[in-house]
Amino acid sequence: MTEQENHFDIIVIGSGPAGFTAAIYSARGGASSALFGGVAPGGQLLATQEIENYPGFVNPVVGADLMQNMMKQASRMGTRVFQEDVTGVDLSCRPFRLTSGSGNTYTAGAVIITTGAQARWLGIPSEMKYIGKGVSGCATCDGFFFRGKEICVIGGGDSAAEDALFLTKFATKVYLVHRRDKLRATFRLVEKLRNNPKIEIVYDHVPEEFTGEAKLTGVTLKNVKTGAIRRLEVTGAFIAIGHTPATKIFKGKVNLDEAGYIVTDGKLGTSVFGVFAAGDVMDTRYKQAVVAAGSGCKAAMEALLYLEEGKK
Ligand code: NAP
């Protein structure tokens, strides 16, 4: 590729709803644009089975289908989609320089970061031992293997609730283990949980240890109020306790908050002029696909304005 072919007005890093929307708006705004989406573009929604609250769909839409459509739409608008990661960025020079997983260097007049957030693990030693042997971070990916089994889901938010409901398609019983006495999940999901006879909500408990031989056979729980121990005989444990922003390569390059989220101003600008951020990588509060898409749109509009100003 020539130097010219490696230059884009706007490069979007990340391929969730924020990234694809930013790419669609960048291309539609007349900018040459590229999106680096990693080896499996789509972000967190790839692991979401049914989305009921993304406007425009009367019936639930499968996350992977929604993301495929967004990717096709971005490509049709003229964005070049690279199915590889950005592994390094130099935001101190103009144009900005980015290195991809294959070792190529690309330059951009403006950059939009939409790298999202990754699922968290509990961090207890036995958890690592059984990852892939009963412990999983992705109900959509692994639920199928637990047909006819008893399993548990750890967490109390929307992800945990959705996972527990989804897993009842396969499992005979699903324990939803939450560390407090009140779920964080939205009312509608909590209602669904309560009305599902296969689900038992275990409040005020945290996992102490995952146990088994070659594969998981049980989880030891501790009651956080009484200290009492309870044992669940389960062959699957799905961890759904939230996310960590994917900002490792931006550390020291743009300002991050204490939790690692990118700090943005009201126009989604980061601490580096010409670098913008959108979606879950900067959203500590809402973390909804539709909000991410909206912020991707805003970031692209601001990036286009920034490039226009630079021409004056
Ligand atoms: P979340 O809302 O941050 O919930 C994480 C849950 O895990 C909380 O209940 C938390 O307990 C628990 N937790 C955290 N660390 C833990 C630990 N070390 N041990 C035990 N439990 C722990 O994360 P999320 O459920 O992934 O959702 C993230 C965002 O995406 C939310 O805004 C959610 O609404 C959104 N979302 C939406 C949909 C949808 O609309 N269809 C689907 C999935 C997610 P505490 O409650 O005690 O803090």
Does residue 189 satisfy being more than 21 Å from the chain's Cα centre (by Cα) and of a type outside the set (Ser, Thr, Tyr)? no
Just checking, how many residues over the range 190-206 are without any contact (Cβ under 8 Å) to a residue 24 or more places away in the chain and β-branched (Val, Ile, Thr)? 0
Identity of the residue in the range 211-222, within 13 Å of the ligand (Cβ to nearest atom) and either within 25 Å of residue 285 (Cβ to Cβ) or not β-branched (Val, Ile, Thr) (or both), that ends up farthest from the chain's Cα centre (by Cα): 222
In the range 226-268, what count of residues is obtained for those that are among the small types (Gly, Ala, Ser) and surrounded by 19 or more Cβ atoms within 10 Å (Cβ to Cβ)? 4
Is one or more of the residues making up the range 193-213 assigned to a helix (DSSP H, G or I) and either at pLDDT 95 or above or among the β-branched types (Val, Ile, Thr) (or both)? yes
Conditions (1) at pLDDT 95 or above; (2) surrounded by fewer than 17 Cβ atoms within 10 Å (Cβ to Cβ) -> residue 133 fails only (1)
Of these, 107, 99, which one is away from the ligand (no atom under 12 Å from the Cβ), among the hydroxyl-bearing types (Ser, Thr, Tyr) and touching a Gly at 6+ places or on another chain (Cβ under 9 Å)? 99
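Let's see how each residue does on (1) basic (Lys, Arg); (2) touching a strand residue (DSSP E or B) at 6+ places or on another chain (Cβ under 6 Å):
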position	(1), (2)
214	no, no
227	no, no
257	no, no
262	no, yes
267	yes, no
300	no, no
309	no, no
Going by the conditions given, is residue 272 of a type in the set (A, V, I, L, M, F, W, C) and farther than 20 Å from residue 86 by Cα? no
Could you look through the range 138-149, keep only residues that are surrounded by fewer than 18 Cβ atoms within 10 Å (Cβ to Cβ) and not aromatic (Phe, Trp, Tyr), and pick out the one that is nearest to residue 230 (Cα to Cα)? 149
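Conditions tested, residue by residue: (1) in the same structural domain as residue 95 (by TED's automatic domain parsing); (2) modelled with pLDDT under 85; (3) closer than 20 Å to residue 286 by Cβ; (4) within 16 Å of the ligand (Cβ to nearest atom).
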position	(1), (2), (3), (4)
29	yes, no, no, no
39	yes, yes, no, no
48	yes, yes, yes, yes
65	yes, no, no, yes
71	yes, no, no, no
Quick one: what pairs do we get from the range 167-181, first residue under 16 Å from residue 135 (Cα atoms), second near the ligand (Cβ under 10 Å from one of its atoms) and in a loop (DSSP other than H, G, I, E, B), C-beta under 9 Å, 6+ apart or different chains? 176/155; 176/156; 176/183; 177/155; 177/156
Taking the range 144-158 and keeping only residues that are touching a strand residue (DSSP E or B) at 6+ places or on another chain (Cβ under 8 Å) and part of a helix (DSSP H, G or I), one is left with 145, 146
Within the range 167-185, restricting to residues that are more than 23 Å from residue 288 (Cα to Cα) and crowded, with 22+ Cβ neighbours inside 10 Å, the one that is farthest from the ligand (Cβ to nearest atom) is 171
What pairs come out if I take residues in the range 284-298 that are in the same structural domain as residue 263 (by TED's automatic domain parsing) and pair them with residues that are among the aromatic types (Phe, Trp, Tyr) and buried (at least 17 other Cβ atoms within 10 Å of the Cβ) whose C-beta lies under 8 Å away, six or more apart or interchain? 284/261; 289/54; 290/54; 293/20; 296/20; 296/25; 297/25
Among strands (runs of 3 or more DSSP E) lying entirely in the range 1-108, which contain 3 or more residues that are crowded, with 16+ Cβ neighbours inside 10 Å? 7-13, 33-36, 80-82, 96-100
Considering each residue of the range 157-166, count those that are surrounded by 24 or more Cβ atoms within 10 Å (Cβ to Cβ) and within 8 Å of the ligand (Cβ to nearest atom), and give that number. 4
Evaluation of residue 136 against (1) more than 21 Å from residue 212 (Cβ to Cβ); (2) away from the ligand (no atom under 14 Å from the Cβ) (one fails), failing number: (1)
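The values are calculated or read from the model by the stated rules, or taken from the named source; none is laboratory data. Quick caveat: nothing in here was measured; it's all calculated off a predicted structure. Note that we place each Cβ from the backbone using ideal geometry, even for glycine, and neighbour counts take in every protein chain shown.
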